[in-house]
Amino acid sequence: MRALLCKEHCLPEDLLVEEVPTPEPGEGQIRIKVAAAGVNFPDFLIIQNKYQFKPDLPFSPGGEMAGEVSAVGAGVTAFEIGQKVMGSNVHGGFAEEAIVDVDKAIPLPNDADLKMAAAIGLVYGTSYHALFDRGAMTGEDTVLVLGAAGGVGLAAVELAKAAGAKVIAAASTDEKLQICKDHGADQLLNYGDGEFRAKLKELCPDGPSLIYDPVGGELSELAFRSIGWRGRYLVIGFAAGDIPKIPLNLPLLKQASLVGVFWGAYTRREPESNLADLRQIMAWISDGTLKPLISGSYPLAEGGKAIRHIADRKALGKLIIEPHL
């Protein structure tokens with residue numbers, strides 16, 4: 001089979017497509033013929049050896065995928081060959097075939113859109129876990145979403161809106177903000193001109209009660225200084241590249257909380273809760289409450305280009321790779 005390989009820790013442009021042996025599932029695993037795989041920011045980190053998980057070289061990046069079961073390992077009774085399924089793993093998805101543990105796989109109906117299924121796991125799973133579990137979001141909250149036009153950001157906008165919360169979408173261009181508006185944002189904040197705090201004060205004088213931050217960098221402290229009384233600040237990731245250092249007097253002054261969100265650890269430690277989250281997400285997609293945006297599809301040979309677009313924060317919504325193109 002063909003796979004997009006990281007043979008040494010590198011940048012996206014250095015990844016190679018090569019023929020490799022087709023993997024065989026072990027006990028409690030299935031093999032998926034990958035129809036589509038989602039591209040995410042951790043893919044950029046893992047190939048540089050900067051992610052929390054460090055697979056042995058060589059490996060294929062790609063942490064979420066959808067397709068049909070092509071083989072089952074010993075002891076597997078919940079899945080059968082030919083069944084449509086979505087799955088997640090730390091890596092391995094950017095290949096024609098991928099191995100997934102059964103507790104990281106969800107059966108799909110026969111008419112499921114596999115491209116859509118490949119695009120929802122990490123971004124909607126992360127955002128659902130962040131907002132509803134870690135952030136205890138209700139319809140009474142005012143939610144500020146930073147980096148709101150990216151994959152996790154746009155998912156957060158939609159999920160917060162589905163809960164009835166007021167949503168302030170923050171992004172760096174008017175084009176990105178229009179997409180946020182199309183996906184349910186109530187108010188828009190363009191922080192490209194450096195007037196972030198003044199604009200946020202105008203939109204939300206008392207400060208947001210919940211802040212969703214996948215960006216990090218210089219915006220984090222500015223946002224935290226604007227948080228409302230007893231607000232919760234969700235630390236999702238650091239797409240800007242810099243890990244901010246928040247002065248600890250800031251949470252003290254407003255009795256605010258800094259809340260870490262690590263969906264990967266959640267899926268391993270609480271797999272049943274994660275599967276329940278994903279089933280709710282899929283139900284909301286089915287009834288039209290959520291409308292995931294897939295803005296680009298790439299063959300394996302252009303997988304590095306897709307990862308680069310994510311790393312440079314140029315992607316709107318989700319990008320996917322289709323290995324069999």
Just checking, does the range 51-68 include any residue being open to solvent by less than 40 Å² (accessible area, probe 1.4 Å), within 26 Å of residue 243 (Cα to Cα), assigned to a strand (DSSP E or B) and out of contact with any Gly (no Cβ under 6 Å at 6 or more places or on another chain)?
no
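Condition check ((1) at positive phi; (2) in contact with a Phe, Trp or Tyr (Cβ under 6 Å, 6 or more places away or on another chain); (3) without any contact (Cβ under 8 Å) to a residue 24 or more places away in the chain) across all residues:
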residue: 39; (1), (2), (3): no, no, no
residue: 53; (1), (2), (3): no, no, no
residue: 57; (1), (2), (3): no, no, no
residue: 62; (1), (2), (3): yes, yes, no
residue: 77; (1), (2), (3): no, no, yes
residue: 81; (1), (2), (3): no, no, yes
residue: 84; (1), (2), (3): no, no, no
residue: 94; (1), (2), (3): no, no, no
residue: 105; (1), (2), (3): no, no, no
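Which residue is most open to solvent (accessible area, probe 1.4 Å), if the candidates are limited to the range 299-325 and must be of a type outside the set (A, V, I, L, M, F, W, C) and outside any loop (DSSP other than H, G, I, E, B)? Let's see the steps before the verdict.
Step one: of the range 299-325, the residues of a type outside the set (A, V, I, L, M, F, W, C) are 299, 302-305, 308-309, 312-314, 317-318, 322-324.
Narrowing further to those that are outside any loop (DSSP other than H, G, I, E, B): 302-305, 308-309, 318.
On the way: 302: 80, 303: 0, 304: 10, 305: 111, 308: 58, 309: 52, 318: 10 Å².
Filtering first and then ranking leaves 305.
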Out of the range 167-193, which residues are of a type in the set (Val, Ile, Thr) and either open to solvent by 60 Å² or more (accessible area, probe 1.4 Å) or within 24 Å of residue 230 (Cβ to Cβ) (or both)?
167, 168
Name the strands (runs of 3 or more DSSP E) wholly within the range 130-238 that hold at least 3 residues that are over 19 Å from the mean Cα position of the chain (by Cα)?
187-190
Go through the range 259-271 and give me each residue that's at pLDDT 95 or above and exposed (fewer than 14 other Cβ atoms within 10 Å of the Cβ).
260
All but one of (1) at pLDDT below 95; (2) open to solvent by less than 10 Å² (accessible area, probe 1.4 Å); (3) not in a strand (DSSP E or B) hold for residue 103; which doesn't?
(2)
When only residues in the range 65-90 that are at pLDDT below 95 and under 19 Å from the mean Cα position of the chain (by Cα) count, which is farthest from residue 116 (Cα to Cα)?
90
Given (1) over 30 Å from residue 264 (Cα atoms); (2) crowded, with 16+ Cβ neighbours inside 10 Å; (3) at pLDDT 95 or above, index of the condition residue 196 fails
(3)
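The values are calculated or read from the model by the stated rules, or taken from the named source; none is laboratory data. This is a predicted model, so every value here is computed, not measured. Neighbour counts are summed over all protein chains in view; Cβ atoms, including those assigned to glycine, are modelled from backbone coordinates with ideal geometry. Keep in mind that these areas ignore ligands, DNA and RNA; they rest on the heavy atoms of the full protein, side chains included. Shrake-Rupley method; radii C 1.70, N 1.55, O 1.52, S 1.80 Å.
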